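Everything on this sheet refers to the single structure shown next.
Read the figures in this text as sums done on the coordinates, not as results from a lab. Because the structure is a prediction, the values reported are computed rather than measured. FYI the Cβ positions are ideal-geometry reconstructions off the backbone, even for glycines, and counts take in every protein chain you see.
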Amino acid sequence: MAEHKIISTLMRPFFNKGKEGSFTLPGALSDASRILCIDCGDLSDFLFHMPLLTAIRHRYPGSKMDFLVSERHAPLVVPSGLARHCMTYTDGQLNPWRPSFGNLLRKLGAGKYDIALVMSLSPQPRLELAALASGASLRFGPSHVDSWPGVNFELRPRKDDDRYRGDRLQDVLPFLGFARDELNSRWPLPLEKLRQMAQQVHFHKPNPDQMLIGVDPGVGKSGHVFALENIQFLVRQLSSQLVCKILPLGYPGSEDRLQKFEASISEIPVGLQRDTLLEMVLLLAQCDLFVSGNTDFFHFAVAQGVPAIGLFAKEDGSEWMPRGRPRAQVVKVTKGEKVDIETLMEAVEKVTEGRTSTASTVITTPLSGGPSSPIPAGDEPGHD
């Protein structure tokens, strides 16, 4: 018997209310709706669901949204202005054999929710049970063979679906009564903090012709990670081509790798705080260019409209490629082969809409290892 069925049997008293509810589409949402938004712990999946949440808030300002989020993501949710209440969980609390899991389900059951959204594109059995325990009659989540009864409104992938994961939520819009033009891909960052960060960036980089280039050396969504020395070499090449400052940015948990990368870079602006996830994302939003592998921050840059270059390995499938976005380009990097710096600069030219042809371009004699030098495509398998 599957684990979720064993858990469901043992904790049946938590789930009866959710099973008994009914809903209609597209009339399930209204100004009176009480909505539970459940974060699965994957920042990209959370990001891909945010356009729907902001559309709901705009259309139904009287609706009440509560969030159940990984404690890592709370710093982004609390200042977003969407959450009435923000409850956090740790991975240990999702262990169904611990009392904390039952306590969590009991707390959710007291919320009198109408709708629960499991914000994931892959199965999340324990969080789907949390949605069921909330008592919500409409429980939206990923489609899989064991989704019922936790999920009763599924996001089903198309056959051989290779669309960008960030676009797949568009399939549910007609059922909920929304149009595509009501979606805004940007994460709702607090405007006052954005202004403050912009002032900090200007103070530490007063030359407007000097580009701020964010670089994330972290592990990609497929588990692939490029060797630090190759990312360092790439940065040196960009610095030889452009007047710029380099800003290492990365998701919490990659601090050691960020520190090693940062120790080899000399063009980093001093004084910009990067201690929290919110500070990292606020700085990412100020970048003139963002370069990384297939990381959460790459997809954040794409969503925020920051010019972004994704260095993708063969492990990174087409579902991670943001198509139809003029400010995002993917450069495929194959192990054992080399990527010419001209290929990279062509991509930079496209996403920055020609900014590299302005005063930010270095007009000097190329340094050793300059424009004609290739970027080695060596990599490091596995995780940090």
Legend entry - Coarse-grained scattering of the chain at q = 0.06, 0.09, 0.13 Å⁻¹, given as base-10 log I(q)/I(0) from a Debye sum over alpha-carbon atoms: -0.26, -0.57, -1.07
Inset, instruction - May I ask which of 221/335; 193/221; 64/112 have a Cα-Cα span longer than 23 Å here? - result: 193/221
Inset, instruction - Quote the relative contact order of segment 21-124 in percent (integer), defining contacts as alpha-carbon pairs under 8 Å separated by 6+ residues. - result: 38
Inset, instruction - Report the far tail of the P(r) of segment 146-269, meaning the percent of Cα-Cα pairs longer than 23 Å. - result: 57
Legend entry - Cα→Cβ-extended label distance, 7 Å offset, between residue 160 and residue 243, nm: 5.1
Legend entry - Share antiparallel - DSSP beta bridges, the chain, percent rounded to 5: 15
Legend entry - For segment 3-182, diffusion coefficient by Stokes-Einstein and Kirkwood Rh (Cα), 10 °C, 1.306 mPa s, µm²/s: 97
Inset, instruction - Report, to the nearest 10°, how far helix 191-204 tilts away from the longest principal axis of the Cα atoms in the chain, using its own Cα long axis and a range of 0 to 90°. - result: 20
Legend entry - Mean Cα-pair separation over length for the chain, i.e. relative contact order, pairs under 8 Å, 6 or more apart, %: 16
Legend entry - Whole-Å semi-axes of the ellipsoid equivalent to segment 239-334 (Cα gyration tensor, √5λ, descending): 22, 15, 15
Legend entry - Computed [θ] at 222 nm, helices only, for the chain once each DSSP H run of length n ≥ 4 contributes -39500 (n - 2.57): -9500 deg cm²/dmol
Legend entry - Order of 172, 235, 291 under a 10 Å beta carbon neighbour criterion, fewest first: 172, 235, 291
